[in-house]
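To start, the structure itself, in structure tokens.
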Amino acid sequence: MMDDWGSFDPHWIWVAFGLVLAALEMLVPGVYLIWLAVAAIITGLLTFGLDLGLPSQVVIFVSLSLIAVFSAPRFLRDQPIVSADPMLNHRGAQLVGQSAVVTQAFEGGSGRIKHGDSEWLARGPDLDVGQRVRISGSEGAVLLVEIAHAIENGPPSADDGEPS
């Protein structure tokens, strides 16, 4: 029984509909149409070789769509999509642990540092121009810094030639 499907086999129509929805998901991402696409493709597979009427096929599609859409949040929570580079859009966080040079003296806890070919606003203890610092964190576009030798070698000693 083919009802209003014409000369096409219903399972191919459902599979094609699912593939169109999957393609639309790529064009208009939102992780919603893919679940409807899955339901349509499964409906096509279930109707293969069965003589189901259009109302039965629609009920199967709607049921599978509801199951897929309401199961998706749990699936995504249990199987999160992990980024290959989670710090990609957090440039300041990528610099943590690297060293830099003070280019504008720190007065009142803020100044400028140079890392690579970029200068950054930074916060930290009062520092002189040319002093090496270690980047310890970031707050937005402002880097947090510490004195470099204090991190690498512990506190300065009398052997370092610095006053204690």
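The values are calculated or read from the model by the stated rules, or taken from the named source; none is laboratory data. If you're wondering where the values come from, they're calculated on a predicted model, not measured in any experiment. Quick reminder, even Gly has a Cβ in these numbers, built from the backbone with ideal geometry, and neighbours come from all protein chains shown. The area values use the complete protein model at the heavy-atom level, side chains included, leaving out ligands, DNA and RNA. Shrake-Rupley method; radii C 1.70, N 1.55, O 1.52, S 1.80 Å.
Key figures
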read-out	value
Only one of Leu64, Leu52, Leu36, Leu21 that is open to solvent by less than 50 Å² (accessible area, probe 1.4 Å) and in a loop (DSSP other than H, G, I, E, B)	Leu52
Selection status of Gln94, closer than 16 Å to Val142 by Cβ and polar (S, T, N, Q)	yes
Some residue of segment 100-109 being modelled with pLDDT under 90, surrounded by fewer than 11 Cβ atoms within 10 Å (Cβ to Cβ) and within 26 Å of the chain's Cα centre (by Cα)	no
Cβ pairs under 9 Å, 6+ apart, first in segment 115-135 and closer than 13 Å to Leu95 by Cβ, second among the acidic types (Asp, Glu)	Val133/Glu146; Arg134/Glu146; Arg134/Glu152; Ile135/Glu146
Filter pass, Ala93 being closer than 30 Å to Glu119 by Cα, surrounded by fewer than 12 Cβ atoms within 10 Å (Cβ to Cβ) and under 17 Å from the mean Cα position of the chain (by Cα)	no
